Amino acid sequence: MFTLIIEDKNGALIGEYTFEDGEFIIGRSQQADIQLAADNVSRRHARVFTQDGRCFVEDLKAANGVWVNGRRIHAVTELPRSAQVRIGDFFLHIEGAAYSRPMNTPIYARLVPMPGSVGELTELAHPTVLIGRGKDCAVVLQDVSVSRIHSKITQDDAGRIAVEDLRSSNGTYVNDRRIDHAELVHGDRVRFGTVAFSFQIEGMPDVDLDDDPEPLLPASRPPTMAQYSQRAHQAFAPMEHPPEPAYAPAQRSFLPQLAAIAVILVALMALVVLVGFAFFKFVAPRLDDKQPYDERVASDRPSRHTARKVDDQEPSERLEPKAVVDPRALNAAQYQDAMARGRDAMLRRQWSEAKSWFQKAHQTDVLASEPNEALNKVSLEERAGADIAQAEDAFKRQDFKTAISLHKQVPSTSVYGADAQKSLQSLALLADMERQKSCHGRLHDQTKCLADCSLVLSTGYAPVATVDECTRLAASGGKLESPGRHR
């Protein structure tokens, strides 16, 4: 009589079947004798059958295969006692009378629990003994440090006894040294996880455990239900759960690398902003100075051909006008020429030259209002240009407060208005970087943090996150200036 027990990957019982002879088809199909509803289970996955009182399993060419004790099989395989069969996410255990040890099997060794250990005295008589937390193991150790199938002790035909670790989570130790496979001698200290035994061969003198000089690990507490469920299936999925060292070193933190990357990105952004600021302040004006005069002004200048023709004329011809010129038309032409040259100078931001031309136009036509309006515009642009120059000097001195104040004085209608707004955005970014250092750096300074918050808000281009943070900081005990306009 055999009993087939099926558990899921979390150790929960799915089904229990009792049989004596015959075969069972296991798969996802509804026509299967034992149905396992999972995507990683084939429609006809495996066949379990009995023959001559022994139990066998066969892989029916399933996509994910059949695994016996952590190894994939490719042919009909007999299931030894306490074998673990994995099909997809399910684990099968076969129990039955055919696996029981004959009564006359001699005892060849004992596992004597060390003082303070939770193990019990265990006699070893079968050539192969499985040790673990699973109920189908010959030696059951109810401790969370022990895997479902933890280790195996075998005796060969020559009488040699060895212990093998079955890819357990917390390892198998012989005399406090972690092993994968080791031969045992009388008196060895064997530890499964934190459960320690003294290995004593039958017929040899007993070992006095009180004289053991090596300190033992503290006894484990009985496992709770949550701990048992969490690690119930670790030993049955060796391919999905690779073994870990018993005392794993602390994992390396990636926070310093992430912080360094963030600092580099912020520095690159600041560099881009500064390069743009320098281009618009120093390079762009010089490029504007190289633009040619207005075509209307250039067209009024005599060409070299015309000038040569005048020089070739007789003196009498040059002194005698060929036509009478109207003084009003001449004044109008001079007025238009002066206004055109003044506008050209304004385009090149040559304010002194523009002022001179507009004053000449005003003298030519004192009743015209355009020269006075142009002169007022020139005066406004001169003041704006002076503010920009002073702001640049303040920026070089790292006097951000003065630089911000001077840039905000520039009217938006000025030709410097767009430059002033871009400079305020750049200053807002730089001031926000200083605020982050004072508010979140290692040397946190509450007073400087509030001052930096006020400086960032005064630009009118503080980020929304900065405005919210500074507002909360002010409400908690500080006082900030009026935030003004924000983008």
**Request:** Spot the failing condition for residue 364; the list is (1) polar (S, T, N, Q); (2) in contact with a Phe, Trp or Tyr (Cβ under 7 Å, 6 or more places away or on another chain); (3) at positive phi, and only one is missed.
**Result:** (3)
**Scope the range 31-60; condition aliphatic (A, V, I, L, M), part of a strand (DSSP E or B) and either in contact with a Lys or Arg (Cβ under 9 Å, 6 or more places away or on another chain) or within 17 Å of residue 83 (Cα to Cα) (or both); matching residues** = 46, 48, 57
**Asked** Does residue 28 qualify as being open to solvent by 80 Å² or more (accessible area, probe 1.4 Å), under 41 Å from the mean Cα position of the chain (by Cα) and at pLDDT 90 or above?
**Response** yes
**Asked** Checking residue 178 against (1) at pLDDT 90 or above; (2) farther than 15 Å from residue 113 by Cα; (3) open to solvent by less than 20 Å² (accessible area, probe 1.4 Å), which single condition isn't satisfied?
**Response** (3)
**Request:** Check whether at least one residue in the range 27-45 is over 13 Å from residue 91 (Cβ atoms) and in contact (Cβ under 8 Å) with a residue 60 or more places away in the chain, and report yes or no.
**Result:** no
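Being open to solvent by 80 Å² or more (accessible area, probe 1.4 Å), β-branched (Val, Ile, Thr) and closer than 18 Å to residue 55 by Cβ is the filter here; which residues of the range 1-25 pass it?
First pass over the range 1-25, keeping only residues open to solvent by 80 Å² or more (accessible area, probe 1.4 Å): 1, 9-10, 13-14, 16-18, 20-21, 23.
Within this subset, residues satisfying the condition of being β-branched (Val, Ile, Thr) are 14, 18.
Of everything in the range 1-25, just one residue is open to solvent by 80 Å² or more (accessible area, probe 1.4 Å), β-branched (Val, Ile, Thr) and closer than 18 Å to residue 55 by Cβ, namely 18.
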**Request:** Kindly establish whether residue 352 is of a type outside the set (A, V, I, L, M) and loosely packed, with under 15 Cβ neighbours inside 10 Å.
**Result:** yes
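For the range 61-81, give me the residue count where each residue is assigned to a loop (DSSP other than H, G, I, E, B) and under 17 Å from residue 22 (Cα atoms).
Within the range 61-81, the subset assigned to a loop (DSSP other than H, G, I, E, B) is 61-66, 69-70, 73-76, 79-81.
Subset that is under 17 Å from residue 22 (Cα atoms): 76, 79.
Within the range 61-81, residues that are assigned to a loop (DSSP other than H, G, I, E, B) and under 17 Å from residue 22 (Cα atoms) number 2.
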**Request:** Filter the range 451-476 down to residues that are open to solvent by 30 Å² or more (accessible area, probe 1.4 Å) and in contact with a Lys or Arg (Cβ under 8 Å, 6 or more places away or on another chain), then give me how many there are.
**Result:** 1
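Quick check, is residue 54 without any contact (Cβ under 8 Å) to a residue 40 or more places away in the chain, closer than 22 Å to residue 152 by Cα and open to solvent by 20 Å² or more (accessible area, probe 1.4 Å)? Let's see the steps before the verdict.
Values: without any contact (Cβ under 8 Å) to a residue 40 or more places away in the chain: no; closer than 22 Å to residue 152 by Cα: yes; open to solvent by 20 Å² or more (accessible area, probe 1.4 Å): yes.
No, not satisfied.
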**Item:** Subset of the range 361-408 (residues that are over 21 Å from residue 349 (Cβ atoms), surrounded by 16 or more Cβ atoms within 10 Å (Cβ to Cβ) and either in contact with a Gly (Cβ under 7 Å, 6 or more places away or on another chain) or of a type in the set (Asp, Glu) (or both))
**Value:** 365
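The values are calculated or read from the model by the stated rules, or taken from the named source; none is laboratory data. Given the structure is predicted, the values throughout are model-derived calculations rather than measurements. Every residue, glycine among them, receives a Cβ derived from its backbone with ideal geometry; neighbour counts consider all protein chains shown. Accessible surface areas use protein heavy atoms only, side chains included; no ligands, DNA or RNA. Shrake-Rupley method; radii C 1.70, N 1.55, O 1.52, S 1.80 Å.
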